[in-house]
Amino acid sequence: MIPKISPSPGPSTTHSLPPNHFLSLQPSFAQPTENFPSGLPSTFSHESNGQAPNTASLASADFEVDVRTGFLPGSSNIQRLTGKYEIWEEALDAARGSTPGEGLIIGGQRERERLWRDGIDMMSIVDTTELLVSLPHLRRAHVVLTFLAHFYVHTTPAPSVTVAKEPIPIPACISVPLLTVSPLLGLPPVLTYADTVLYNFLPLNPAIAPSNKSNPPSEIITTFTGTRSEEQFFLISALCEIAGAEALRLMRQSLDELFLADEKAIRRLTVYLKKLAHQIDKISEVTMTLMKEVDPEEFYHLIRPWFRGGDSDGPASLGWNYLGLNEDVENLTSIAESSSTVGRKGKLFSGPSAGQSSLIHAIDIFLTVDHSPTAEEREEAMNAIEHPDHSKIIVDSTPINTETPPAPNNGHGHGSAPKGEATFVQRMLQYMPLPHRSFILHLSTHPNPLRPLVVHYAHSHPALATAYDGALEALRRFREKHMRVVSLFIIQQARRQPSERVRTIMGLEPLSEEEMAQQKEIDINMIRGTGGSALFTFLKRCRDNTTKAMVRPNAAGYELQ
Ligand code: HEM
């Protein structure tokens, strides 16, 4: 039997849009019926009360979704800020060094890191008004300031056990401009996927606008390590996004057909869904190039530790203290912040993850893949909040520059601090630029959702149901492949010692042959992901939720309870 899919969620209540903003208004689905469990399709997307525009179309300059580049900006990113902001760029150059292995090292053990941090401490606070000249300037400022913040935090030596542990301070010269710029982009004051990927690439010809066909992403502007692996890690994500532009176009065309829903429209819809499956396979193909272009050991030991956010020690994280934070600004930091730290010095933001990309979330929502947490997961997450000390959740302890054996890792540097009942998507929404967040919310409240129509016509138009299930099958294949990536880049690396070469770059002493050969005992079920659920259980559940949405799972070879 096909499980009942719950209606699309309404707009999140956690975002801080004004109450009369159209995204804050409740969707106006009519009463559900058997054929349309999400409510009868209607041409009114929101209760307007005369205030809200009808935003049923996804032709969407307002959402910063470009027809040629999808979620990547349609105009070129800025490579370097100039004038009075040059000082930030210079501080970043000094942190990165000119060649791989020359930059700062995690843990801040050396004189070099101390001197760099002293330099930052002496920097004055630069006024941000001139950044308002353009969106690309603001974006570049967010990139530079968040890279600086992560460099500063991760080169701060851990306090000795005798010193009372305090949240890690971020100096006012970084935090004040960062807290001013972040809300203008609708981003939290921490490194996000937007900083490492969306705002961090140059197309083949930087003189002209990027484009999926003729001018794709070809270079990365900023990295922590200067390694080819890090560049490729960001670049491949950008190439997935550009492949996603075509998927978004097909989704938009499909939604237009849904509006008509006559015989011709259903035929066209069937074709679009088949093409969508093909495009999702292309995204998978690009994702799999990670396996040969990125060195898993470098990724795990050298690159990923820089991504850790303020919540990366799990429920017991001390967080980051944004110095210079005043009450007005404080309200602005709470968008993505855990409710448990509002008003506290230590802010718990997560580091970047490709899970923050809007692309797969958009496809999920379009196809009505439901990722709500199970009752058990909800209980476990709540339990971990109430009793962090007794929590079964293993925290993210990406290896840093110490001799302590690392515990299992969870994600791209994502903290495993449980965030109550929020689903992964809800949490990740807060790390997307505001227009993309709005796009996802808009899509989830679209008046003419796809699945109810496919269910309605499944018997009379089996080709439509097959095409719809085919798109879900392609998405399942993506998740299957992604799990192979996670296994190679995280699980397998967590079990091994870093090689001599990587240990040298990390500033670690060489190990004896015996020590090198030692496999670490790691129970894969204990490796945790964002939201606190076991990483592999979480990823498998995402994969299985994909097939659960199928209309004719038996025809596609799936048995559902
Ligand atoms: C070396 C490469 C990658 C690694 C190690 C990796 C690892 C992970 C991990 C550990 C998670 C669990 C959530 C978290 O803790 O953040 C995750 C989730 C996710 N990642 Fe990746 N990832 C990689 C590349 C990618 C790429 C290229 C994409 C997009 C095309 C992607 C899309 C996603 C999505 C959508 C999720 C949410 C779970 C789902 O929807 O199935 N990842 N990833």
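Only one of these is modelled with pLDDT under 55 and away from the ligand (no atom under 13 Å from the Cβ): K347, K392. Name it.
Checking each option against the conditions leaves just K392.
How many residues are within 20 Å of H154 (Cα to Cα) and either out of contact with any helix residue (DSSP H, G or I) (no Cβ under 6 Å at 6 or more places or on another chain) or part of a loop (DSSP other than H, G, I, E, B) (or both) if we restrict to the range 495-504?
Result for the range 495-504: 3.
Exactly one condition in (1) over 30 Å from P100 (Cα atoms); (2) more than 16 Å from the ligand (Cβ to nearest atom) is not met by L472; state its number.
Here L472 clears every test but (2).
A quick yes/no check of all residues on (1) of a type in the set (K, R); (2) at pLDDT 95 or above; (3) within 16 Å of the ligand (Cβ to nearest atom); (4) out of contact with any Leu (no Cβ under 8 Å at 6 or more places or on another chain):
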{"position": "L464", "(1), (2), (3), (4)": "no, yes, no, no"}
{"position": "F478", "(1), (2), (3), (4)": "no, yes, yes, yes"}
{"position": "K481", "(1), (2), (3), (4)": "yes, yes, yes, yes"}
{"position": "V485", "(1), (2), (3), (4)": "no, yes, yes, no"}
{"position": "Q492", "(1), (2), (3), (4)": "no, no, yes, yes"}
{"position": "Q497", "(1), (2), (3), (4)": "no, no, no, no"}
{"position": "M506", "(1), (2), (3), (4)": "no, no, no, no"}
{"position": "E513", "(1), (2), (3), (4)": "no, no, no, yes"}
{"position": "E521", "(1), (2), (3), (4)": "no, no, no, yes"}
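Have a look at L131, L138, L148 and point out the one that is buried (at least 17 other Cβ atoms within 10 Å of the Cβ) and under 17 Å from P352 (Cβ atoms).
Result of the check over L131, L138, L148: L148.
Restricting to the range 71-96, give me the number of residues that are among the β-branched types (V, I, T) and more than 14 Å from I120 (Cβ to Cβ).
Qualifying residue count for the region: 2.
What's the number of the condition L269 fails, among (1) within 12 Å of the ligand (Cβ to nearest atom); (2) in contact with an Asp or Glu (Cβ under 6 Å, 6 or more places away or on another chain)?
(1)
Residues that are within 21 Å of D311 (Cβ to Cβ), of a type in the set (A, V, I, L, M), within 16 Å of the ligand (Cβ to nearest atom) and touching a Pro at 6+ places or on another chain (Cβ under 6 Å): does the range 186-208 have at least one?
yes
I want to confirm something. Restricting to the range 66-104 and keeping residues that are farther than 23 Å from L302 by Cβ and without any contact (Cβ under 8 Å) to a residue 40 or more places away in the chain, which single residue is surrounded by the fewest Cβ atoms within 10 Å (Cβ to Cβ)?
The residue in question is T82.
Out of N321, N326, I need the residue that is away from the ligand (no atom under 16 Å from the Cβ), at pLDDT 90 or above and not charged (D, E, K, R). Which one?
Going through N321, N326 in turn, the sole match is N321.
Could you give every pair whose Cβ atoms fall below 9 Å, whose first residue belongs to the range 357-371 and is among the acidic types (D, E), and whose second residue is surrounded by fewer than 24 Cβ atoms within 10 Å (Cβ to Cβ) and assigned to a helix (DSSP H, G or I), counting only separations of at least 6 or pairs across chains?
These pairs meet every condition: D364/V425; D364/C542; D364/N545; D370/D364; D370/N545; D370/K548.
Quick check on the range 414-423: of everything there that is surrounded by fewer than 23 Cβ atoms within 10 Å (Cβ to Cβ) and either of a type outside the set (G, A, S) or within 13 Å of the chain's Cα centre (by Cα) (or both), which residue is modelled with the highest pLDDT?
For the range 414-423, the residue satisfying everything is T423.
The values are calculated or read from the model by the stated rules, or taken from the named source; none is laboratory data. This is a predicted model, so every value here is computed, not measured. Cβ: placed from backbone, ideal geometry, glycine included. Neighbour counts: every protein chain shown.
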